[in-house]
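Data block below; observations after.
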Amino acid sequence: MFATTPDQELLERTTARFLEDRYPVSRLRELADRTSTFDPAVWREGAALGWTSLLVAEGAGGGSVSGNGVADLQVVASLFGLHAAPGPLLGTNVVAAALARWGTPEQQAGPLAALLAGEAAGAWGHATTVGAPGGRRRVVTATPAADGAVVLSGSVATVEGAAEATHLLVTADAPGGPSQHLVPLDAAGVSLTALRGVDLTRRYARVDLHDVALPAGSRVGAPGEADEHDEQLVDLLAAVLTAEMVGAVQRAFTTTLEWTVDRYSFGRPLGSYQAIKHRLADARTQLEASEAVAARAAEALGAGAPDGRAWASAAMAHVAARAPEIVQECVQLHGGIGVTYELDLHLYLRRVVVDSQLYGSATDFARRLGRLVADDEGRAA
Amino acid sequence: MSDEQESVEEFAARARTWLAANMPPADPTAGYFSFHEDPADSQAHADRRIAVCRDLQARLFDGGFAGICVPRQYGGQALTPAHQAAFNRELRGYDHPLEIQVSTFIPCMAVLLELGTEDQKLRHIPKMLRGEEVWAQFLSEPSGGSDAAGALTTAVRDGDQWVLNGSKIWTTGGWYSDWAMCLARTNWDVEKHRGLTVFSFPVSAEGVDVQHIQLLNGSREFCQEFLTDVVVDDRDRIGEVDEGWTVMGRWLYHERTVAGGSPYVTTAGAKSAALPNDGPAIAALARRGGNLDDPAVLEAVGEARALSMVSEAMVGSVSRKMASGALPQHAAAMLRLFSGTATTRRTTLALDVAGHEAVVWEPGDEQLASVGLGYLVRQAAQIGGGTVEMARNVISERLLGMPREQRNDGGPFRDVPRGPAAG
Ligand SMILES: Cc1cc2nc3c(=O)[nH]c(=O)nc-3n(C[C@H](O)[C@H](O)[C@H](O)COP(=O)(O)OP(=O)(O)OC[C@H]3O[C@@H](n4cnc5c(N)ncnc54)[C@H](O)[C@@H]3O)c2cc1C
């Protein structure tokens, strides 16, 4: 889907083959009943295929395959969507990107290197309120202690993969302004509460921080920089999520198209009725549009273009609105079987519903873009 | 200049300098001419605007920036689509002959380039590029536009000439055009698609009666033409006799590139800043109304802007995929469908944000009038250039390979049912 260069095509082929082998639908259905869906061996192999290094500069131990790591990561993310695959793809890559951009040499030599090697997984405490009026609602506070150490307290909702991750990246309010911190999840005072949710294979937890004492070296970036850094991570998030949604929609669409050819009603294929054809034409067009805007966002972000944030926001505003609707349309065109557990379609519906809500909705990202437009317009006026 | 082709960067730099010295800035308050506030003023306004377009086109020609992808012998620059794209980027912020791009350059010039005779290309293309010949599409008929192959307008051969009779309708700019490309039936005794031929003739030819049609926003840009014994030289026939449907394939293809991606269109993409329904214009409306900080308004602004950006991204990626063969040419129908539905949605968003002020306004308030009147003709975006329903047919049948619709138009065209309205 997102591969445009020969190197990306190679990444696509190897990742597709690997995911097909490790996560056939039968395996996903088994995992649905498990408390943990994380497989360290699979993750290490994925890291060897390049899944964890794409947003990290070569100097920091990473590397892209095409020169644009955001676009490369979309190749992988879309396949995670296509296969409804588990794995801490988002958290690990976001945390790795943060450490590579703003981390200390010690953070890069330690936690980042482990993330890149697939030896550890990252979790992102994304408690951000995208596009909210009056800025963010902070849920964690950092209180300075002696020698630059800090004590964190607060509660971080809905952290993906927290149970298996080694480190949590979280932004805390601090006297010097909001700052990001890297919290070892085995630190004293950290407790996890498993949550339940609609995705069958992704696990989420609430992470409570009770007076968690961290050394000076835990801060990522300078004090007060976290607002802008969080925005940059949200931009990356948008690129990854939109690609994953496109992959999931692609699967739902393809199976539905096949179904309308094979299923007969009143003596002719469903797909011979214009009412059905037109709906699939709409779905196909929205899928193409979604892929196009997602890819455009990665292009802009990867190149560090000034309009990268606008593209990322436009992509989420559009794809998060359309993707669940297309998959629901696919459900509708299946009739009764469409709302059963037996049909695989729900695997992809679950994925797009989570992706389109958990980190900010289409409306939130539309508002984010609206603000950018309004600011520009204000300057021009 | 040497024989070697100028690089895109050098070309863009030259264009930048030339534009600054030769083209007037775009007037963002000018409003799109079919949405003019006072209907009585609309016609005079449109007349003036077309004169300006012709002049701007002539300037482009004199500056060596017309027909960037057209061969030199026809007055073009023989450069590449990348050069045209670069020029279009540089054009942002300048006034340019936007209103005469469609019909004249796509599809008419594009069709002539592909299927015209050498004589036709030499006679017409340089004039088109100089702004001296504006072309119209005489395609839709009162009996139907979607089913273009059902044309009833008839051409009968008379030696080296043809005599045309019939009627064409919904012609954009029929009244200001110099030449027309016209589909006509040359054989009623064969199947529908096999008896058609494409002709061209001056709109001022004897027997062509052009009548304005008033649209519901007051615009009188559209025309109906009555053709009575119009004599056309055989050398003005485009393509072979009874092979008109082959020509139509390319005609409709180029028409669909209106949504973007054509190498023959000179446009800054979005003169949309001047259109009442793009994100920035909606933000300006809201600022005026004092509700730009309302989260729901910001959402509307963001949604409208996102739709424009998605269209832009999609034009780029689908064009690239069609060029590389990753998608067939029929994929252009997705661009048509998306731009049609996205445009109507943006029009609704603009109306929602402007609210009551866009339905009753102070005389002369073009900004609000364009929103209200634009909303009235909203569906034109899903009709003109082929309807979105036809695009959905193309996507489902040609792109997705779904079963074709059952049809009832086989056998000699003479015997195909035409319904009571068609006579
Ligand atoms: C802005 C604008 C500019 C235009 N410019 C030109 C021009 O320059 N030259 C020109 O020749 N024409 C022009 N047209 C006309 C335009 O091409 C036709 O209006 C259009 O093709 C539809 O044809 P029709 O109006 O006859 O509607 P019909 O073909 O009668 O269609 C009526 C309705 O039925 C639907 N329909 C028809 N057939 C099918 C089918 N098989 N399956 C499903 N639905 C179907 C249509 O989508 C439409 O909704 C323009 C129209 C507009 C609005």
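The values are calculated or read from the model by the stated rules, or taken from the named source; none is laboratory data. Since this is a predicted model, take the numbers as computed values, not measurements. Please note: Cβ atoms are built from the backbone with ideal geometry, for glycine as well, and neighbour counts cover all protein chains shown. Protein only, heavy atoms only, side chains kept; ligands, DNA and RNA dropped before computing areas. Shrake-Rupley method; radii C 1.70, N 1.55, O 1.52, S 1.80 Å.
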### Message
Kirkwood Rh and Cα-based Rg: tell me the resulting Rg over Rh for the range A:6-121, rounded to two decimals.
### Response
0.98
### Query
Cross-link partners among lysines for B:K192, C-alpha distance below 22 Å, same-chain residues fewer than 8 apart left out?
B:K168
### Task
Compute the long axis of helix B:8-22 from its Cα atoms, compare it with the longest principal axis of the Cα atoms of chain B, and write down the angle in degrees, 0 to 90, nearest 10.
80
### Query
Which of B:S167, B:S396, B:S324 moves the most in a Gaussian network model of chain B with Cα springs under 10 Å?
B:S324
#### Entry: Residue-level accessible surface for A:R309, protein heavy atoms, 1.4 Å, Å²
60
#### Entry: 0 to 90° range, to nearest 10: angle between helix A:226-262 axis and chain A longest Cα axis
20
#### Entry: Helix A:308-334 vs. chain A, principal-axis angle (Cα, 0 to 90°, nearest 10)
40
### Relative contact order computed over chain A (Cα-Cα under 8 Å; 6+ residues apart), in percent
17
### Query
Which value results for Rg/Rh of the protein assembly as shown when Rg is the Cα radius of gyration and Rh the Kirkwood radius based on the inverse mean 1/r?
1.02
#### Entry: Number of partner chain Cβ atoms within 10 Å, mean per residue of B:283-290
3
## Note on the structure
If R0 = 56 Å, then B:D415 and A:E231, at their Cβ-Cβ distance, give a FRET efficiency to the nearest 0.05 of 0.25
## Note on the structure
With Rh as the Kirkwood radius over Cα pairs, the range B:247-379 has Rg/Rh of 1.05
## Note on the structure
Summing -39500 (n - 2.57) over every DSSP H run of at least 4 residues in chain A and dividing by its residue count gives a helix-only mean residue ellipticity at 222 nm, to the nearest 500 deg cm²/dmol, of -17000 deg cm²/dmol
### Message
If you count only protein heavy atoms and use a 1.4 Å probe, how large is the accessible surface of B:C182, to the nearest 10 Å²?
### Response
0
### Summary
For the range B:243-251, Karplus-derived ³J(HN,Hα) couplings (6.51, -1.76, 1.60; θ = phi - 60°; whole Hz; x for glycine and proline) come out as 10, x, 5, 5, 5, 4, x, 6, 4
#### Entry: Net charge contributed by nearby residues that have their C-beta within less than 11 Å of B:E397 (K/R +1, D/E -1)
+3
## Note on the structure
Sequence order, the range A:211-222: Karplus ³J(HN,Hα) from phi using 6.51 cos²θ - 1.76 cosθ + 1.60, θ = phi - 60°, Hz rounded, Gly and Pro as x, gives 6, 7, 8, 10, x, 4, x, 8, 6, 10, x, 6
## Note on the structure
Cα convex hull volume per residue for the range A:180-290, in Å³, equals 148
### Message
From the protein chains alone at 1.4 Å, what is the descending order of accessible area for B:T228, A:T193, largest first?
### Response
B:T228, A:T193
### Max mean-square fluctuation residue, GNM over chain A, Cα-Cα springs under 10 Å, options A:R322, A:R251, A:R27
A:R27
### Query
Considering every residue in A:356-363, what mean count of other chain Cβ atoms within 10 Å of its Cβ is obtained?
1
#### Entry: Neighbourhood net charge (11 Å Cβ-Cβ; Lys/Arg +1, Asp/Glu -1) for B:S308
0
### Query
What ranking of B:Y94, A:Y264, A:Y341, B:Y375 comes out by heavy-atom accessible area, probe 1.4 Å, highest first?
A:Y264, A:Y341, B:Y375, B:Y94
### Message
Using protein chains only and a probe of 1.4 angstrom, how many square angstrom of B:E118 are accessible, to the nearest 10?
### Response
90
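Ignoring everything except DSSP H segments at least 4 long, calculate the 222 nm mean residue ellipticity for chain B; use -39,500 (n - 2.57) per segment, divide by total residues, nearest 500. Present the calculation step by step, with values, prior to reporting the outcome.
Numbers: 13 runs with 172 residues, N = 423.
Estimated from H runs of four or more residues: -13000 deg cm²/dmol.
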### Task
Check cross-link reach from A:K277 to the aspartates and glutamates: straight Cα distance under 17 Å, and skip same-chain residues fewer than eight apart.
A:E258, A:D262, A:E288, A:E325, A:E329, B:E389, B:E397, B:E405
### Summary
The correct ranking of B:H96, A:H210 by accessible area at 1.4 Å, largest first, is A:H210, B:H96
### Query
What whole-number value in Å² describes the accessible area per residue of chain A for a 1.4 Å probe?
38
#### Entry: Cα gyration tensor category, rounded, prolate or oblate, for the range A:123-222 with a/c compared to 1.5
oblate
### Message
Sorted from largest to smallest, which semi-axis lengths in Å does the alpha carbon gyration tensor of the range B:75-186 give for its equivalent ellipsoid, taking the root of 5 times each eigenvalue?
### Response
30, 17, 12
### Summary
Expected vector for the range B:276-291, Karplus 3J(HN,Hα) from phi with 6.51, -1.76, 1.60 and θ = phi - 60°, integer Hz, x for Gly and Pro, equals x, 10, 8, x, x, 5, 5, 4, 5, 4, 5, 4, 4, x, x, 10
### Query
Do you know which residues of the range B:364-403 lose at least 40 square angstrom of accessible area in the protein assembly compared with their chain on its own, with a 1.4 angstrom probe?
B:R392, B:L400, B:M402, B:P403
### Solvent-accessible area buried by pairing A with B, both sides, nearest 100 square angstrom, 1.4 angstrom probe
3100
